[in-house]
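Q: Have a look at this one before I ask anything.
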Amino acid sequence: MRRTLLVTSALAAACALAPLACALAPVASAEPAADPAVTVQAVYGPEQFPMAGVAADIAPCGGGANVATLTTGVDGTAVYNGALGCYRVQVSTPIGCALDSDPAVQVTSAPGVTPPAIFRFRCA
């Protein structure tokens with residue numbers, strides 16, 4: 001009990017001497033990490049092999065500037081960890097490939113739900 005009082009007193013004294021430092025100190029949070037807002041997946045061929053190196057721009061559905069530009073990794077996926085909401089995902093078609101769908105899709109994320117934006121390519 002004495003130790004707890006001693007530590008508490010020391011912390012109170014330190015905050016009294018430097019109140020701004022105490023106000024700016026980070027506070028530990030027990031909240032779990034947020035779900036990703038969007039997962040981009042790029043695949044090619046009828047077997048749907050993962051496709052690395054595909055660039056994707058993420059923008060709000062309502063318009064405005066891109067909030068992120070992602071590139072798919074060796075597993076063919078890229079993840080945007082922004083706020084939940086509606087996003088427009090647009091990919092650039094790599095040289096020697098053709099896209100089997102629209103180059104842009106709209107997805108809406110919600111708590112516990114990370115929508116995939118899937119793009120299928122045909123490559124020579």
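The values are calculated or read from the model by the stated rules, or taken from the named source; none is laboratory data. Just so we're clear, the structure is a prediction, and the values are computed from it rather than from any experiment. Don't worry about glycine lacking a Cβ; one is built from the backbone with ideal geometry, like all the others, and counts go over all protein chains shown.
Q: Considering each of ALA117, ALA65, ALA104 in turn, give the residue that is hydrophobic (A, V, I, L, M, F, W, C), modelled with pLDDT of 90 or more, surrounded by fewer than 16 Cβ atoms within 10 Å (Cβ to Cβ) and within 19 Å of MET51 (Cβ to Cβ).
A: The conditions single out ALA104.
Q: Scan the stretch 38-60 residue by residue and report those that are of a type outside the set (Phe, Trp, Tyr), in a strand (DSSP E or B) and out of contact with any Phe, Trp or Tyr (no Cβ under 9 Å at 6 or more places or on another chain).
A: Within the stretch 38-60, ALA55, ASP57 qualify.
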